[in-house]
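Each remark here refers to the structure printed beneath this line.
The values are calculated or read from the model by the stated rules, or taken from the named source; none is laboratory data. This is a predicted model, so every value here is computed, not measured. FYI the Cβ positions are ideal-geometry reconstructions off the backbone, even for glycines, and counts take in every protein chain you see. These area figures cover heavy atoms from the full protein model, side chains too; ligands, DNA and RNA do not enter into them. Shrake-Rupley method; radii C 1.70, N 1.55, O 1.52, S 1.80 Å.
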Amino acid sequence: MPDPLNISVKGNFDNSSERAPFLVVHEQTVFPFSLTPLAVDDQSEGAVDKAMKGDRLIGVLFELPEENHPLQVNGADFEPKIFLEGGKRRCAAVAAIARIVKAVTFPDGSKRLLLRGIRRVEPLRTESDSENIQWMVFGALPNQESDEKNCAAMVKTALSLFQDLVPFLPNLPDEMRAAAGTMNGAGRLADFLADTMNLSYIEKLAVFVTTSEEERIRLALELLTRELELNRLGVKIQSEVHQSMNRGQKEYFLREQLRAIKEELSEDSRNPDLVDLERRMQSLELPETVAELVKRELSRLELLPQASPEYNVSYTYIDWLLSVPYQATTKDRLDVEEARRILDEDHYGLEDVKERILEFLAVLQLNPNRSAPILCLVGPPGVGKTSLGKSIARAMNRKFVRASLGGVRDEAEIRGHRRTYVGALPGRIIQNLKKAGTSNPVFMLDEIDKLANDFRGDPASALLEVLDPAQNVAFNDHYLEIDYDLSKVFFIATANVLDTIPEPLRDRMEIIRLPGYTGYEKREIAKCYLVPRQMEEAALKKSKIRITLSAVDEVIDYYTREAGVRQLDRVIAQLCRKIARKIVEHQLPQGKIFSIKSAQVNDLLGSRKFLMDESEKTPQIGSATGMAWTSCGGTILPVEVIDMPGKGNLKLTGSLGKVMQESAEIAFSVVRAGAAHWKLKSSVFEKLDFHIHFPDGATPKDGPSAGVTLAIALLSRLTHRAVDNHYAMTGEITLRGRITAVGGIKEKVIAAHRSGILQIIMPKENEKDLEDLPEVVKNALTFHFVSTLDEAAALVLLEEA
């Protein structure tokens, strides 16, 4: 900005060539006697630091656009003289010498300067010193004669025009306005005007590089005249727009008068939108409060012109009020036996969920006004949570709608937006109810454990009202602003884990866990559902192709490793596609049924992707077989123990979690404390170190259920008695040697049976869990229930040979 104080600034140089550190700037100019803020880039910091240590003088070169970019000023071509800085950047051949008034460094490391221009100079060349600082060698510009009378006339005209322009510059300080009349010389006034007006960089640069005062004031006067005309034209346009708005209001009143005249003449001139909305309202059974609200909004809409933005907002609001189902419901299928048949037809197993649905239907028969339950199905991916919701809706003869909540982080997604916002809409609850067309659908809130939150609100907190039977009878959407009864809606939420669901929200739902499928369940699902469906999609006829159970077992055991059946479905689909290709290529025998067995599975799908766990072939010393639960089912868990000369230290390896490490330490303490009982010398714990390892070390392991296995492996190592390889065991051990209950018995036992185990040792407290096991597994295994470590050791430790 120009210096309003008109201070005379002198530099420490004469008319001969001098040099100074310099900056190269773009899109900014530094006029003499003006104050200019300037940002400093990384390349120029050295030059700034050098100037600050000296007399604070610094040169400023003004960069020009690329050669292929034509330059114009006030409609005329502008071709300034070029100075190549360092032989690379194209700069104007007129530079500025300025003094650094102030330098400020910001917290982010950036630096800004306040420069006061001193005078124009001619850059001669650039050079570097020993510190690699760039210097500009410059000289004085030659003086050019000017016609004093012409200059005086143009100065007078410019001052007059500037006073006319001042009202269009509201941000111009008062001292700046006064300073214009005190400028000495035409060149000084031209610089002031160019720096003050809202000109482009090229236009300001054109004024700067014009060294003749007469030419400079003439160019500034031309630009000043143009700016004044543009501002006057802008005022004129604004006035015309205002008059146009007044005409619009006048037209509105005339239309209203015309409408009244047509009504008197019995001519139908009503808005067709209003007619349609009124017809819809009369055909619906609306609650009294909603009907009154719609009538009030219709009266308001009738007064609005159709071209008004408010018209669309009001029309959309009424349309939503009439589209939401208030009284419409579907009749529930209360036949429990028929509902059971449909559930079994769609899904194998999942008895807990099916029982809960049938119980609700039974209660509905006795109490039709009973509120719908709010369930939360929790289980790993692929176990059928989402498809189960569709099956429940089909069994109950209700509509099914689904809202995916994964990644939702805006509360308005649940409650809707306020109507004051542009493009406002109701939340997903109301939107899906409109989609269903009934007020009692089965509503699935999918992936509720993956809700997020940020500055826009917490969707999980908004769901508290939706999923609370005591509150959802009067759910208030921010857009509709009416109470809506959600008590008839059957909400079913799904989640993979419970940890990420807030406790207040979790407390409002009835949690039903869906564990991963066992190998037997997957086999039945594949046989009854997946294989028939994939064969039908691949157009494979049962009269020609038969996929045997051995082939299904091969796919389950060696080509998939999951808790659900999603990957199993994909692999069976791949198998059917391979078979279809062989049929098309005439590679299968004709005229008879071709059976796909395990050997053919390997040929079609390639080598096995996974390996099954197998038990030890012979009894081993220091090795015992445990059982573990995983998200993909169960598995056997071998434990290995060795000893070595040392000082009684215990080393644990195998990616063990904190709980499993503590379990190993407890087992070691139990064995060490009972050394006399096991006829062990106490000195053995002072002379030996023990190393316990769980194979498959890359797989994380945790939990207390390997306690008895660890203790047996340690006893085997210390007593030199082998462990019977036909046994697998599970159970938590206490410091007193008691074996207590653990979870996952069903998955563990099935995995042990699959691995060739014949005898199972488990806590006596888990005897009740045998009810969940398939009969074929229970009949093939022998179970031993123990309460102490002594009982387990007596079963599995063989006598020394």
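If I filter the range 294-313 down to residues being part of a helix (DSSP H, G or I), within 20 Å of residue 253 (Cβ to Cβ) and not acidic (Asp, Glu), which single residue comes out as nearest to the chain's Cα centre (by Cα)?
309
Residues that are closer than 23 Å to residue 651 by Cβ: list the strands (runs of 3 or more DSSP E) wholly contained in the range 688-798 that include at least 2 such residues.
In the range 688-798, 688-693 are the strands (runs of 3 or more DSSP E) which contain 2 or more residues that are closer than 23 Å to residue 651 by Cβ.
Do we find that residue 118 is over 15 Å from residue 25 (Cα atoms), surrounded by 13 or more Cβ atoms within 10 Å (Cβ to Cβ) and touching a strand residue (DSSP E or B) at 6+ places or on another chain (Cβ under 6 Å) in this structure?
When the stated conditions are applied, residue 118 passes them.
Scan the range 479-498 residue by residue and report those that are open to solvent by less than 40 Å² (accessible area, probe 1.4 Å) and more than 19 Å from residue 510 (Cβ to Cβ).
Listed by number, the residues that qualify are 479, 480, 482, 484.
How many residues are more than 14 Å from residue 622 (Cα to Cα), open to solvent by less than 10 Å² (accessible area, probe 1.4 Å) and either out of contact with any Gly (no Cβ under 6 Å at 6 or more places or on another chain) or not hydrophobic (A, V, I, L, M, F, W, C) (or both) when one looks only at the range 676-716?
Looking only at that region, the number is 1.
Those residues that are farther than 20 Å from residue 384 by Cα and buried (at least 17 other Cβ atoms within 10 Å of the Cβ), I need them from the range 544-556; list them, please.
545, 547, 551, 553, 554
Of all residues in the range 135-188, count the ones that are under 30 Å from residue 61 (Cβ atoms), part of a helix (DSSP H, G or I) and under 58 Å from the mean Cα position of the chain (by Cα).
4
One line per residue, one yes/no per condition, for (1) open to solvent by less than 10 Å² (accessible area, probe 1.4 Å); (2) touching an Asp or Glu at 6+ places or on another chain (Cβ under 8 Å); (3) modelled with pLDDT of 85 or more:
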residue	(1), (2), (3)
34	yes, yes, yes
51	yes, no, yes
54	no, no, yes
78	no, no, no
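Go through 327, 306, 282 for me and flag whichever is open to solvent by 60 Å² or more (accessible area, probe 1.4 Å) and in contact with an Asp or Glu (Cβ under 6 Å, 6 or more places away or on another chain).
From the options 327, 306, 282, the qualifying one is 327.
Residue 682 - would you say it is in a loop (DSSP other than H, G, I, E, B) and touching an Asp or Glu at 6+ places or on another chain (Cβ under 7 Å)?
For residue 682, the condition - in a loop (DSSP other than H, G, I, E, B) and touching an Asp or Glu at 6+ places or on another chain (Cβ under 7 Å) - is not met.
Rundown of residues vs (1) out of contact with any strand residue (DSSP E or B) (no Cβ under 7 Å at 6 or more places or on another chain); (2) open to solvent by 40 Å² or more (accessible area, probe 1.4 Å); (3) among the small types (Gly, Ala, Ser); (4) in contact (Cβ under 8 Å) with a residue 60 or more places away in the chain, yes/no style:
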position: 405; (1), (2), (3), (4): no, no, no, no
position: 422; (1), (2), (3), (4): yes, yes, no, no
position: 435; (1), (2), (3), (4): no, yes, no, no
position: 450; (1), (2), (3), (4): yes, yes, no, no
position: 507; (1), (2), (3), (4): yes, yes, no, no
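Is there a residue in the range 8-24 that is modelled with pLDDT of 85 or more, farther than 30 Å from residue 178 by Cα and in contact with a Ser or Thr (Cβ under 6 Å, 6 or more places away or on another chain)?
yes
Exactly one of (1) farther than 21 Å from residue 518 by Cβ; (2) at pLDDT 90 or above; (3) small (Gly, Ala, Ser) is unmet by residue 698. Its number?
All conditions pass for residue 698, except number (2).
Quick one: in the range 617-659, which of the residues that are over 25 Å from residue 751 (Cα atoms) and touching a Lys or Arg at 6+ places or on another chain (Cβ under 9 Å) is most open to solvent (accessible area, probe 1.4 Å)?
647
How do the pairs read when you match residues in the range 682-701 that are farther than 20 Å from residue 629 by Cα with residues anywhere that are open to solvent by 40 Å² or more (accessible area, probe 1.4 Å) and part of a helix (DSSP H, G or I), using Cβ under 7 Å and keeping only pairs 6 or more apart or on different chains?
Taking only residues 6 or more apart or on different chains, the pairs are 685/672.
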